[in-house]
1. Quick one: would you say Ala408 is of a type in the set (Gly, Ala, Ser) and over 18 Å from Ala180 (Cα atoms)?
2. So if I check each of Gly324, Gly295, Gly339, which one is buried (at least 20 other Cβ atoms within 10 Å of the Cβ) and at positive phi?
3. Please work out which residue is surrounded by the fewest Cβ atoms within 10 Å (Cβ to Cβ), limiting yourself to segment 345-393 and to residues that are of a type in the set (Gly, Ala, Ser) and in a helix (DSSP H, G or I).
4. State which residue is farthest from Val48 (Cα to Cα) when the search covers only segment 429-454 and only residues that are acidic (Asp, Glu) and surrounded by fewer than 20 Cβ atoms within 10 Å (Cβ to Cβ).
5. Of the conditions (1) part of a loop (DSSP other than H, G, I, E, B); (2) among the aliphatic types (A, V, I, L, M); (3) within 18 Å of the chain's Cα centre (by Cα), Ala117 satisfies every one except a single condition; which number is it?
6. Give segment 227-267 a look and list any residue that's surrounded by fewer than 12 Cβ atoms within 10 Å (Cβ to Cβ) and not in a loop (DSSP other than H, G, I, E, B), or say none.
7. Scanning segment 300-312 for residues that are touching a residue at least 60 places away in the same chain (Cβ under 8 Å) and in contact with a Ser or Thr (Cβ under 9 Å, 6 or more places away or on another chain), which turns out surrounded by the fewest Cβ atoms within 10 Å (Cβ to Cβ)?
8. Please go through segment 268-300 and pick out each residue that is in a strand (DSSP E or B) and over 21 Å from Glu460 (Cα atoms).
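Computed from the coordinates by the stated procedures, all read-outs in this text should not be read as laboratory data. Everything quoted here is computed from the prediction, not taken from an experiment. Cβ placement follows ideal geometry from the backbone for every residue including glycine, while neighbour counts extend to all protein chains displayed.
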Amino acid sequence: MARIPQVEGFARRPRAGSPKQDGKALREQVPRGAHAVLDTPPGRPDAVTAVEESGRGRLPGLVPLRVGRMAASPFAFLRGSAGLMAYDLAHGTPATGIGAQLCGDAHAANFGLYGDARGGLVMDLNDFDETALGPWEWDLKRLAASLVLAGREAGASEDDCREAARDAAGAYRRTMRLLARMPAADAWNAIADEELVSHAGAKDLVGTLRTVSEKARRNTSARFAAKSTEPDDDGGRRFVDAPPVLRRVGDTEAARVAASLGPYLQTLPEDRHPLLARYAVHDVAFRVVGTGSVGTRSYVVLLLDHRNEPLVLQVKEARPSVLGPHLPAAGFPEPGDSGHEGRRVVRGQKRMQVVSDILLGWTSVEGRHFQVRQFRNRKGSVDPAELAADQLDDYGRMTGALLARAHAHSADPRAVTGYCGKNEELDEAVGAFAAAYADRTEADHAALVTAVRSGRLAAELGG
């Protein structure tokens, strides 16, 4: 039989050593226990300066709302300060050098339910504004620290908070080990929704997830449109102002956003075009988004079919990932995706999720980059700051497992599991880091609150 040459884009044939052995060898350079370390890096910006800098380029009228939301609690501060944490991780913690497509903002509130093309519910990471290729442990440490902060806000004991962080790391490690043992195609689509709770040992969450699922099934474009629109004079519908969250925009701005949907279509697979061709664009409104994104430009676009049934698209500004400037310090390049940040977000999301929005694409409006996606496609989420202590560690295990599955699409699970190993050394280290970083975040939050009270920063509280 003729010898088949190496085919570009495919794996090389077996060689000496293995990804698992390579990962294990990394322990000599970066011991797993070293991940407990949190140094204060030289030149670290103070928290208030970091918040001020992160507000640049945002809509000035919404910056006080963003500051007010971040000032609400240390957990809320963490949610709005992914860039500051990236600085700390890059300059104050060790890096394994194993790369993965990162969420970039993998805190505990950025996991949730959403609808697939057939109306079923999928649970996964659901925010990718900061996605980039980087060290897998950055996402895991951000998740662990957020669990400690959420637990403290909920009134859980310090032991319960640390246990949740350790359990997230442990579930991540065990899930990577499971994926490394599976055939590649099976691992790619592993951990079906119905198996996730039992795999993660999250039985105490069953009731909470059932309640969230029931709400998510009702969270649709039709429900949003029924509440947020009214009939217009042409037999269609239009948005109704609901300040401060939703406001109609002028005709010129609406026309620019609507026109951007033409180039957006070209970023979708051609088989999606006939579906959208059955809808007409009726109205555009500006809608304020979550804590980290407040102040960026985000629109909702109302589309109606021949029966006046709605489909709502979100056209959301995509700014450069806040991880970008800090990745070179960890040995990774700054993200660049043909110069379009919306494309970076969409590609990162598709690389991490098992199932993604079938209408996910990107476009530009007056030179600014945007991602486009369905709005309210059966989304639902658990608020980790409202979980009981016996649920927090279950939630940690479930999110840790989900994060591992998402990373395994880009990082070889054999290499990661070779590094993580079988024992709990990494779990303990990540738990210690999480508690230390939660302490740092509480101090940063206190500095922000002081700056608001002194008048240095304007804040719209309770927004």
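1. When the stated conditions are applied, Ala408 does not pass them.
2. Gly295
3. By that ranking, first place goes to Ala389.
4. Step by step, filter segment 429-454, then rank; the result is Asp439.
5. Tallying (1) part of a loop (DSSP other than H, G, I, E, B); (2) among the aliphatic types (A, V, I, L, M); (3) within 18 Å of the chain's Cα centre (by Cα), Ala117 fails exactly one: (3).
6. Lys227, Glu230, Pro231, Asp251, Thr252, Gly262
7. Glu309
8. Those that are in a strand (DSSP E or B) and over 21 Å from Glu460 (Cα atoms): Ala280, Val281, His282, Asp283, Val284, Ala285, Tyr299, Val300.
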